[in-house]
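All remarks here apply to the structure that follows.
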Amino acid sequence: MAERIEQRLEDRVPELEQLERVGLFTHKEIRAILRKASALEYKIQRRALRKEDFINYIQYEINLLELIKKRRARIGYSFKKEEIEFSILQRVHSLFKRATGKWKDDVQLWLSHVAFCKQWNTKHQLSKVFSSMLAIHPNKPALWIMAAKWEMETRLSSESARHLFLRALRFHPECPKLYQEYFRMELMNAEKQRKEKKEFERAKMDLGEFSYSEEILNGEMARIIYRDAAQKIKGAEFHLAVLSIAKLFDFTQDLQKEILESLQTKFADDPLMWDYMARRELELGSLQSTEHSTKQMKVSEMTQREERCCAVFEEAVGAVPTEDMWKCYITFCLERYNRKTNSAELKQKRLERALNVFDKAHESSLLPEALYKLWLQLLLEFSLSEKAAKVAEAVTKRFSLSVEAWQMRLQVLIQLKSDDVPQCFEEAIKHMKSKGTLPLWTLWVEWSEGTNSKEDTETLYQRSLRATTPAESVTMKEKYLDWTYRNHGYKKVKKVFTSLCENRPFSIDFFKKMIQIEKEQDACKMLHLREYYERALREFGSTDSDLWVDYIREELSHPQGKPENCGNIHWRAMKMLQGDLVEDFVSKHTLLQTGHL
């Protein structure tokens, strides 16, 4: 091993001598580089190899390359690159090759090598890296796409890119993203050739026997790819994706028409198709707009375009009466409503349209639960209180077992300061039984705090503890403790704490809250703190190392603390804590002893 390291260090000598000779580095710096390289070499020649050692070595060499680049720029010296940079680049490639050979599954390592090749413009090497990477990771479409894009955009080789896409599709015959990028590549190639042909024609150059393929120029290769993919890939998303790609090229009108016709024929019952066809009316209108329109004309034209969109949506909800279809329609209406406009008339029309569509979807019983919230927000925003209350009630009738639905209704009633709030809470709890009611109880006690007497609120807190599941009662205990302290003070909260401690389960925050309350008192007693810590440790002593550390810190820092107790607490912690928590506790305890915690 030593001989191999010596040989590798000797191989560095010529480049280091050149660095010193041309004045890029001093003799002292060269010796420092050798020492660092020696240490790094030893680490990667060990029997038990570590990935971090290779990464550190590679990073060191890259930093060295960057430093050489900066110093060349500073002194204006650009010679001897072959003797200096070339040998460092080769060494980095060699390190990457060893690392990716050892840790083949680490995609990030491969991508780091790719990034290095791109940064230092080693094209020939990058082709090899892509080839090796794809041989080991053929199951990752994104890597195939990356390699093909590089061949097309950097090496300007459409043939190599096409070859890679075809190979990739043998591994992933139903991958939409691969087909989309292959489709895009062929259109980019067609566009490039069209530009070349135009330049030649403009220059009146004789191309001899060479001629451009009309099929490629017209995007026929992309059409073949689309037709092949359309037979294998289900769903409207793919068709919409390739259509959006085709629209980026101005010579694809026929291809766009074919994709659109296929979309309408195959996906007549797909909301995505209808959504696209409706929104397309906005684009069609914008193409026909004139530059010299008055403000009123523009508003009028926009209104007409939006009405054409809505006409398509109306046809859609008739043809495909589903929640998803109504969701598309409502989403469109809300998007238009939220768009900025200086026209009050247009804003009003958009609002009326949105509210009307909400109503229709609701009447059809096809308005998704999540969209009711948006509807209610819109109604409340414009002070349509009576309508909001009716809609809120309708939500809970339709989704009577949904906590979210009851929350919506209650929040509306609370916002409207309705007298029906208590009755509605009772109705909600009755429908929901006990499971999952925590959000309702939380809302109820928060409302009661601001509305009812302290006695009524306390009764409600006590009732919530009985009504919620054990797991949910944990949160209510924390809230009850906090509320009691804020409203009744220290003596009452101590009684409540003792009472609550009779029924498990608890949270660690429940005990921490009581400890914090005790510490806020002018006459804070260590006796009480010990009681709270001991109670907490009975519940969480095996799973929370911080609790033990805090307990020891309290004994050390409190005026009534007993430092002699710390040894016993430490011994108990070591016995109770599980797994890695012991090590965690020991390190924190050491920091505490040295005053660093």
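Computed with every protein chain present, the accessible area of His570 is close to 50 Å² [probe 1.4 Å].
Of His163, His488, the order by accessible heavy-atom surface (1.4 Å probe, DNA, RNA and ligands excluded), from most exposed downward, is His163, His488. Note on Asp419 and Ala311: with the Förster distance fixed at 41 Å, the Cβ-Cβ geometry gives a FRET efficiency of about 0.40.
Excluding ligands, DNA and RNA, the accessible surface per residue across the chain is 55 Å² with a 1.4 Å probe. Sequence-ordered 3J(HN,Hα) estimates for segment 154-168 from the Karplus curve with 6.51, -1.76 and 1.60 and θ = phi - 60° stand at 9, 8, 6, 10, 5, 5, 5, 4, 4, 4, 5, 4, 5, 5, 4 Hz, glycine and proline given as x. Among the protein heavy atoms of the chain, carbon and sulfur supply 51% of the accessible surface, probe 1.4 Å, non-protein parts ignored.
Taking 25 °C and 0.890 mPa s as conditions, the chain diffuses translationally at an estimated 75 µm²/s according to Stokes-Einstein applied to its Kirkwood radius (Cα pairs). Using the Cα coordinates of segment 1-103, the gyration tensor eigenvalues translate into equivalent-ellipsoid semi-axes of 25, 15, 11 Å, sorted from longest to shortest. Taking all protein chains as shown and a probe of 1.4 angstrom, Ile75 keeps an accessible surface of around 90 Å². Helix-only arithmetic for the chain: the sum of -39500 (n - 2.57) across DSSP H runs with n ≥ 4, divided by the residue total, places the mean residue ellipticity at 222 nm at -25500 deg cm²/dmol.
Looking at segment 160-215, the chymotrypsin sites (Phe, Trp or Tyr not before Pro) that sit in a DSSP loop and have at most 11 other Cβ atoms within 10 Å of their own Cβ are Phe210. A Cα-only calculation for segment 46-127 places Rg and Dmax at 13.9, 44 Å.
Between rounded, prolate and oblate, where does segment 524-596 land on the alpha carbon gyration tensor, with a ≥ b ≥ c its root eigenvalues, rounded for a/c under 1.5, else prolate if a/b exceeds b/c? In terms of gyration-tensor shape, oblate. When restricted to Cα atoms, segment 149-305 yields an Rg and a Dmax of 19.2, 59 Å, respectively. Dividing the Cα radius of gyration of segment 145-194 by 2.2 N^0.38 Å, with N the residue count, gives 1.05.
For Val22, the solvent-accessible surface with a 1.4 Å probe is about 30 Å², rounded to the nearest 10. Each listed q (0.15, 0.16, 0.18 Å⁻¹) maps to a log10 I(q)/I(0) for segment 103-171, found by the Debye formula over equal Cα scatterers with no solvent: -0.43, -0.49, -0.63.
Could you work out how much longer the chain between Thr322 and Leu49 gets when fully extended? Use 0.36 nm per residue separation minus the Cα distance between them, nm to one decimal.
Values: separation 273, 0.36 × 273 = 98.28 nm, distance 5.91 nm.
Gain on stretching Thr322 to Leu49: 92.4 nm.
Projected over all directions and averaged, the alpha-carbon convex hull of segment 475-592 occupies 7.5 nm².
Share of pairwise Cα-Cα distances greater than 19 Å in segment 453-530 is 33 percent (whole percent).
How would Leu527, Leu282 line up by accessible area, probe 1.4 Å, largest first?
On the way: Leu527 125, Leu282 30 Å².
Ranked list, largest accessible area first: Leu527, Leu282.
Residues Leu556, Leu481, sorted by accessible area with the largest first, give Leu556, Leu481 [1.4 Å probe; ligands and nucleic acids excluded].
Highest mean first, the peptides 251-260, 502-511, 138-147 sorted by other C-beta atoms within 10 Å per residue fall in the order 138-147, 251-260, 502-511.
The values are calculated or read from the model by the stated rules, or taken from the named source; none is laboratory data. As the structure is a computational prediction, the values presented were derived from the model and not from experiment. Here Cβ is always computed from backbone atoms with ideal geometry, including for glycine, and neighbour counts include all displayed protein chains. To get the accessible areas, we keep the full protein, side chains included, count just its heavy atoms, and leave off ligands, DNA and RNA. Shrake-Rupley method; radii C 1.70, N 1.55, O 1.52, S 1.80 Å.
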